[in-house]
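Before any comments, here is the structure.
Computed from the coordinates by the stated procedures, all read-outs in this text should not be read as laboratory data. If you're wondering where the values come from, they're calculated on a predicted model, not measured in any experiment. When we count neighbours, we look across all protein chains shown, and the Cβ atoms used for this are built from the backbone with ideal geometry, even at glycine.
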Amino acid sequence: MSAILPPAERLWWKHPLDRVEGTWILLALIWCLTMFAMMVGWHIYGKQNLSTETYKTTPEKFTAKAQAFVDKYTVRTETADKTPVVAPPPGSDIYMVARLWSFWPILELEKDKTYRLHLTSMDYNHGFSLQPANINIQIVPGYEHVVTVTPNKAGTYSVVCNEYCGINHHSMVGRIYVK
Amino acid sequence: MSTTTYRTCPRSGLQFESQAEKLMLANAVAAVVFLLIGGILAIGVVLTRWPAIHWLEADTFYQVLTAHGIDMLIFWIIFFEIAVLYFCSSTLLRCRLATPRWAWAAFVLMLVGAIMNNVAVYEGGSSVMMTSYVPMMAAPSFYLGLILFAVGALIGCFVFLGTLVVAKRDKTYQGSVPLVTFGAITACIIAVFTIVSGAIILIPTYLMSLGIVKSVDPLIYRTIWWAFGHSSQQINVAAHISIWYAVAAIAFGAKPMSERVSRGAFLLYILFLQLASAHHLLADPGVSTAWKVVNTSYFMYFAVLASMIHGLTIPGAMEVAQRAKGYNKGLFEWLRKAPWGNPVFSGVFISIIGFGFLGGISGVMMGTEQLNMIIHNTIYVPGHFHATVVIGTTLSFMALTYFLIPVLFKREMIAPKAAQWQPYLFGFSMYGFVLVMMGAGTLGVSRRHWDMAFNGAALAYEWPGAAYLMMGLVGIFGIAAIAGGAIYIYVTVGSLLWGKPLDAGTPSKTFTPIPRTAPTVVAQSYGSAGFAAPGTFVLAMVFLVSFILYYFINWKYLSQVWGLS
């Protein structure tokens, strides 16, 4: 009886298992259930869980909200394109627009304060890859994803687009300052 | 029906039906041609991602990357899998292939589709990556090519299922099908699900590219596309694990430790493996937490359990067979005295270890809902799937090819020395390749990205030096692996063209049924502590400990990033 021949016993499901297999299956099962419990448990005790708050949106609707936000809280502009740097109060709703090929605006947040970050794309799929913290979130057009973020370290962070979005994908980088 | 002939290979004792044999050959050759194309494209990919060389322009790079992904992940692998399905049905069950004309139609459709898709990519305007996320659009022929290919593959699946019926009706075997055929049935069931999912989403997208359908929702596209994109990789898992069992039987005469355990593990695949397409949506908006947790864990990791079972029972079966031959000293004499110079065995063993330690563990990390946030769309992801699809599937297919050259191709292998070294060069350079990719991904480096220096960006980010170092090593290991792939193609194609023809065995008008297998004595007199395979158990424990440590290291890493809720 080999793996490329029919089993000798017609009732193969009665074929006994060796102790090495039984022991391993038990250990593997315990580990599998542990991993499952860990994932559920992190939702209860962990501090990094991705929000699922999502709304359908359109580029016009989202741009209007983001523009109002920028008009209200802009403190200065940066780069040759005069990208606004926006410093919203802690606890507020903040907006970031992903589009070919930039993130808009630049955000200035406070350490250990919580914000509701609204993300969407104006065109294709984009990726929100916060570096060097290395947090990665998919940005899908037509969907407004509200993620609650609490920066835990001051510094200059970059938002790298890590979903392929065309020829200038590599130049699509945004910025978040944390004070 | 009666025009076909059967021959029994004098070297392996396997019986080949002439129609099935020609179809296996055609599908295997087409597969190798796409591997060759994909391998040439890989040179462009690695030499561009190697920061010191940064060879191709951005548009060419994305074009080459799109074609590399599709040629390797879809065309090379599925052509080969169709050959494997025909082998596992017609050859292992010693029956004629059902409806050979349909099988040829399937082959032609697949070939036309694959060429059409490739041409669309090379024409430019279809550099949309393998995933082709809407609303980014490719040329209509890009989607049509994929659809034709999928329809062909689906027909191939039904030819396989029909062949099982032929074998049953003609009573070419008694009792149940062999374990390897059972695994192939698993692969086929998964394939049918996969291809239907692909059709559900690619047909509207094709109509959208023609302007007939106005729009396809981007999130729905992602959800259904991954039921195709991820599931197609699950076909590979079921197929290459079947090959591992087959090679254990061929190289050692090993029999499964327990038919019940191994078949039960395949059943777990059928039930739970498909849920894993959720892995790709963990960082997406609009999908509920409960949906993510249940699906990403294959409903409590039951498919991981199945893989861990196969990971034990295959080397375990080899160990039992070796111990029965007298290699019984200590824990590892059976392994030391294994036929390391035989590429059929060494390829499979390097594949098993790499698939488990590198592909399996990293896959569970990425598939953990929260840990996904520190990995999603970084180069860790291609690191993972090169461990599963290249070290797991491709290397297993290569190893199987070395067995098939004398048996199916009826040729003496040219350059047997080169073939002997090939699995080591290819396998170990892929080990290095995926490790440095995962390393760079842990530092956040993006996948599918032309320039990590962000040339021309208003707000560039400076990656740490270690990330540059690792991306340089990606280039070096990548080139070494491509050289290993080139040796495989040279040996395979060379043997087909110039190898000395071998005796095919006398053709006969009728098949010889598989004789009834003699029942075996189950009791084992070797091993220790009541374990038939103690050495394998020790290896499995090393695996489990590495798995647990690495799992919690990643949680530690996650706990240090920004709070998210």
- DSSP loop chymotrypsin sites (Phe, Trp or Tyr not before Pro) in region B:205-242 with at most 13 other Cβ atoms within 10 Å of their Cβ, which ones? none
- At the level of C-alpha centres, the distance separating region B:400-427 and region A:134-179, in angstrom, is 48 Å
- Task: Report, by chain and number, residues whose modeled amide H sits under 5 Å from the one on B:Arg411, excluding near sequence neighbours (fewer than 5 apart, same chain).
- Result: B:Leu502
- Task: Per DSSP H run of at least 4 residues, take -39500 (n - 2.57); add these up for chain A, divide by its residues and hand me the 222 nm value, nearest 500 deg cm²/dmol.
- Result: -8000 deg cm²/dmol
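Let me confirm one metric for peptide B:374-381, namely the mean number of other chain beta-carbon atoms within 10 Å of its residues' beta-carbons.
So the per-residue partner count for this stretch is 5.
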- For peptide A:116-127, the mean count of other chain Cβ atoms within 10 Å per residue Cβ is 3
- Message: Just to confirm my numbers, what's the Cα centroid distance between region A:1-66 and region B:168-230 in Å?
- Response: 21 Å
- Note on the structure: Residues meeting the amide H criterion for B:Ser446 (H placed from the backbone, H to H distance under 5 Å, 5 or more places apart or on another chain) are B:Ile379
- Counted neighbours (other Cβ, 10 Å), sorted fewest up, put B:Phe299, B:Phe75 in the order B:Phe299, B:Phe75
- Task: Would you kindly calculate the mean projected area, averaged across all directions, of the convex hull enclosing the Cα atoms of chain B, in square nanometres?
- Result: 26.6 nm²
- Angle in degrees between helix B:218-252 and the longest Cα principal axis of chain B, rounded to the nearest 10: 30 degrees
- Query: Under the rule of -39500 (n - 2.57) per DSSP H run of 4 or more residues, summed and divided by the residues of chain B, what mean residue ellipticity at 222 nm is obtained, to the nearest 500 deg cm²/dmol?
  - Reply: -21500 deg cm²/dmol
- Query: Helix A:59-73 versus the longest principal axis of chain A: what angle, 0 to 90°, nearest 10, using Cα atoms?
  - Reply: 60 degrees
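Mind giving me the FRET efficiency for B:Asp503 and B:Lys337? R0 is 35 Å, r the Cβ-Cβ distance, nearest 0.05 is fine. Before the final figure, lay out the partial values.
Details: r = 31 Å, r/R0 = 0.87.
Once the sixth-power term is evaluated, E becomes 0.70.
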- Item | Under 24 Å, Cα to Cα: Lys pairs in region A:53-178, sequence gap 8 or more or different chains | 10
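When all alpha-carbon pairs of region B:365-511 are counted, what percent fall beyond 17 Å? Before the final figure, lay out each step's value.
Working: 7288 of 10731 pairs.
For region B:365-511, the share of Cα pairs beyond 17 Å comes to 68 percent.
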- Query: For A:Phe103, which sequence-distant residues (separation of 5 or more, or a different chain) have an amide H within less than 5 Å of its own amide H, given hydrogens modelled in the peptide plane?
  - Reply: A:Val173, A:Gly174
- What does the highest-first list of A:143-152, B:252-261, B:277-286, A:86-95 look like by mean Cβ count within 10 Å? B:277-286, B:252-261, A:143-152, A:86-95
- For region A:42-179, just list the percent of Cα-Cα distances falling in each 10 Å bin from zero outward, please. 12, 45, 37, 6, 0
- Note on the structure: To the nearest 20 debye, chain B has a Cα-centred charge dipole, built from +1 on Lys and Arg Cβ and -1 on Asp and Glu Cβ, of 1800 debye
- Relative to the first principal axis of the alpha-carbon coordinates of chain B, what is the inclination of helix B:140-169, with its axis defined by its Cα atoms, in degrees from 0 to 90 and to the nearest 10? 20 degrees
- Query: Under a straight-distance cross-link criterion of Cα-Cα below 26 Å, which lysines are reachable from B:Lys168, leaving out those fewer than 8 residues away in the same chain?
  - Reply: A:Lys14, B:Lys22, B:Lys255, B:Lys509
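Charges at C-beta only: +1 for Lys and Arg, -1 for Asp and Glu. How large is the resulting dipole of the protein assembly as shown about its Cα centre, in Debye rounded to 20? Before the final figure, lay out each step's value.
Numbers: 47 positive and 33 negative charges, 381 e Å.
That gives a dipole near 1820 debye.
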- Message: Apply the a/c threshold of 1.5 to the C-alpha gyration tensor of region A:1-49 and tell me whether it is rounded, prolate or oblate.
- Response: prolate
- Message: Under the 0.36 nm per residue contour assumption, what length would be gained going from the current alpha-carbon distance of B:Thr512 and B:Ala105 to full extension?
- Response: 143.7 nm
- Item | P(r) histogram, all alpha-carbon pairs of region A:136-179 included - 5 Å bins from 0, percent | 5, 17, 21, 26, 18, 11, 3
